[in-house]
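Values in this text are rule-based calculations from the coordinates and carry no lab data. Everything numeric in this text was worked out from a predicted model, so none of it was measured. In this analysis, Cβ positions are derived from the backbone assuming ideal geometry, glycine residues included, and neighbour counts consider all displayed protein chains.
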Amino acid sequence: MSRKKKICVLVTARPSYSRIRSALKAIDAHPDLELQLVVGASALLDRYGNSIRVIESDGFEIKTRVYMVLEGENLVTSAKSTGLGLVELATVFDNLAPDAVVTVADRYETLATAVAASYMNIPVVHVQGGEVTGSIDEKVRHAVTKLSNLHLVSTKLARERVIRLGEDPDAVVQTGCPSIDIAAEIARRPELDFDVFERYGGVGERIDLSNGYLVVMQHPVTTEYDEALRQVQETLYAVKTLDLPTLWFWPNPDAGSDGTSKGIRMFREREHQARIHLFRNMAPEDFLRLLVHSKGIVGNSSVAIRECSYLGVPAVNIGTRQQGRERGANVIDVDHDRHAIVEAARRHLSGGRPERDAIYGDGRAGARIAACLAEREIKIEKRLTY
């Protein structure tokens, strides 16, 4: 009997888990694969929702935990956290001796993972490469592409971009995005069968959601670090003007999130009548069910572009963070200006449900990813085609 192939998967942030969860399940269930799940960075921190609780409640065994986030949430600590991650992950990989390491998307932890594994001659598998966005994330994503040996991309255009970067076409596979697998489950059973305030608590008074509500998720843009406070203030006062019950989710731990968080706290102190309830984290299914039943999402999260396109949820995308990313008819773009945000939201969120778009996948990405990992020999050497 042949030995199972050991696949080490890194989950390092709240969005990373939903981006890879269906693949984790498929890898764990595959007879020829052994899942080595490593959880680290902000996924371990309570102030970002402590995603590890959700991961463990889903039944996954965590092989090891990696603490690698320095306080400060600025440009310097982002760079230093990358270095700390590189040091810590080298030890993790040395202990686990995986046959391949899977890293997701475009965060600094993704880069640290790919560098550590590459220098240790461990094949790197990159999920969600080849996409374009408007911040440092795009540079990180393309850098990870050049460090990776197998590319599991979400869209046809992403596959074409990775090949144009010089990667072997045989090593670039369009699997779809694993986050769409969860969205497909919700599309089949969209009922909102829980009380969000009882289940997740959050901060703020209980608000009446029965006549419709907004979901807001806005992260800092690392290349516009100094603008984070002003940018979130524009969104906050736009939401106040819209005067709809609002479920607002805390930002990612990126450079500038201190400014975003400060803006939210200042607003809460000054505007006691605003109908906004804040949450740090929740299970992916619950979050998507809230989105399905909302009037729409406002902010700059990729969930508005990816899952919401599949679910047909209207999205007002603010600023440059998602600039260049493929999008469906559910998205309308606007600058960081409170008046423009209000106008766009009133127009777009009252126009009925947009047509659903499967641009990022059909709901079967996880199974495809597990099959690729089991069936392919992932080679370290590359055939460059510049």
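Could you give the C-alpha radius of gyration of the stretch 185-348 expressed as a fraction of 2.2 N^0.38 Å, taking N as the number of residues it contains? Write down the numbers at each step before the final one.
Values: Rg = 14.7 Å, N = 164, 2.2 N^0.38 = 15.3 Å.
Taking the Cα Rg and dividing by 2.2 N^0.38 Å, one obtains 0.96.
Run through every distinct alpha carbon pair of the stretch 1-93 and return the Kirkwood hydrodynamic radius in angstroms, one decimal place. The partial results should precede the final answer.
Working: mean 1/r = 0.0710 Å⁻¹.
For the stretch 1-93, the Kirkwood estimate is 14.1 Å.
A Förster distance of 45 Å, applied to the separation of the beta-carbon atoms of GLU269 and LYS379, puts the FRET efficiency at 0.20. For the peptides 308-318, 19-29, 155-165, residues were scored by their other Cβ atoms within 10 Å and the scores averaged per peptide; the highest-first order is 308-318, 19-29, 155-165.
Each residue of the stretch 124-203 gets 142 Å³ once the volume of the Cα convex hull is shared out per residue.
Go through 104-113, 50-59, 135-144 and give me the packing order, highest mean Cβ count within 10 Å leading. Don't jump to the answer; show the numbers that get you there.
Details: 104-113: 26.6, 50-59: 15.6, 135-144: 19.7.
Going from most to least packed, we get 104-113, 135-144, 50-59.
Span-like helix criteria (full DSSP H runs; alpha carbon extent of at least 27 Å along the helix axis; mean Kyte-Doolittle hydropathy of at least 0.0) are satisfied in the chain by 75-96.
Normalised radius of gyration (Cα atoms, divided by 2.2 N^0.38 Å) for the stretch 88-229: 1.34.
Classified by the C-alpha gyration tensor, the chain has a prolate form. Its axis ratio a/c, with a ≥ b ≥ c, is 1.5 or above, and a/b is larger than b/c. When the chain is described by a simple charge dipole with +1 on each Lys and Arg Cβ and -1 on each Asp and Glu Cβ, the residue from LEU96, ALA365, VAL54 located farthest towards its positive end is ALA365.
Computed over the chain, relative contact order equals 19 percent, with contacts defined as Cα pairs under 8 Å that lie 6+ residues apart. Applying 0.36 nm per residue to the separation of LEU75 and ASP208 and subtracting their alpha-carbon distance, the gain on full extension is 44.0 nm. Label-to-label distance, ALA371 versus ARG47, with points set 7 angstrom from Cα along the beta-carbon direction: 4.5 nm.
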